[in-house]
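These notes concern the structure reproduced below.
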Amino acid sequence: DEMKEFFLFAKEVNALVSLQRSLESDSLVSVITANDLSGVKLIGGSKEFRSALSASSQESAQLYPATNGPTLLLNLPKLLSALVKLFTPLFSLSVKARLRFEQGPLSQVTSLSQVAAPGAQRDEFLQQIDTLVY
């Protein structure tokens, strides 16, 4: 529950920032969620992490619907990517509209500090995200 609460706290912060920026810019700002799944294990790994992420995602969709933008699931391992391709046709249209499965963005990033500061890596990352989302 503590991990889920942390994820919800992060969503709350993102919602507050996006609302503030919406007011300042006089246009709706939404939050894009990008999860880099490189290194994720299908078998083993932390079940608590996956459960907390899923529970917080469902709860935050109800709490912050105005700021929910697309969710990018990036750099899935090959086996997981194959399973996603198999099951994606079964997803509802609303789920398909919100989820994107892609390879590339963040694949060469070892620390988010590399894309947090202005510079070439940040510019490249933002361009990749713009291409995927818009």
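We did not get these values from a lab; they are worked out from the coordinates using the rules stated. Remember, it's a predicted structure, so these values are computed and weren't measured experimentally. Here Cβ is always computed from backbone atoms with ideal geometry, including for glycine, and neighbour counts include all displayed protein chains.
Calculate, axis by axis, the spread of Cα positions in the chain along the three principal axes, and write the results as whole Å, longest axis first.
45, 36, 31
Looking at the chain as a GNM with Cα springs under 10 Å, which of ALA34, ALA55, ALA15 has the largest mean-square fluctuation?
For the chain, modelled as a Gaussian network with Cα springs under 10 Å, the answer is ALA55.
Identify which of SER27, SER18, SER60 has the largest mean-square fluctuation in a Gaussian network model of the chain, with springs joining Cα atoms closer than 10 Å.
SER27
Please build a GNM for the chain, connecting alpha carbons under 10 Å apart, and tell me which residue among LEU83, LEU37, LEU72 fluctuates the most.
It is LEU83.
Mind checking the dipole of the chain: about its Cα centre, +1 per Lys or Arg Cβ, -1 per Asp or Glu Cβ, Debye to the nearest 20?
In debye, rounded to 20, the chain gives about 580.
Going toward the positive end of the dipole of the chain, with +1 on Lys and Arg Cβ and -1 on Asp and Glu Cβ, which of ALA52, LEU8, ALA117 do you reach last?
Farthest along the dipole direction, towards plus: ALA52.
Give me the net charge of SER18's neighbourhood, meaning all other residues with Cβ under 14 Å from the Cβ of SER18; Lys, Arg count +1, Asp, Glu -1.
-1
Can you list the residues, at least 5 places off or on another chain, whose amide H is less than 5 Å from the amide H of LEU99, using H built in the peptide plane?
Distant-sequence amide H within range of LEU99: THR71.
I'd like to know which of PHE87, LEU99, PRO65 lies farthest towards the positive end of the charge dipole of the chain, counting +1 on Cβ of Lys and Arg and -1 on Cβ of Asp and Glu.
Farthest towards the positive pole: PHE87.
Quick one: net charge of THR88's neighbours, Cβ under 12 Å, K/R +1, D/E -1?
Taking every other residue near THR88 into account, the sum is +3.
How big, in percent, is the set of alpha carbon pairs in segment 60-134 lying more than 22 Å apart?
Counting every Cα pair in segment 60-134, those more than 22 Å apart make up 37 percent.
Would you compute, from DSSP H runs of 4+ residues alone, the mean residue ellipticity of the chain at 222 nm, taking -39500 (n - 2.57) per run and dividing by the full residue count, rounded to the nearest 500?
The helix contribution divided over the chain gives -17500 deg cm²/dmol.
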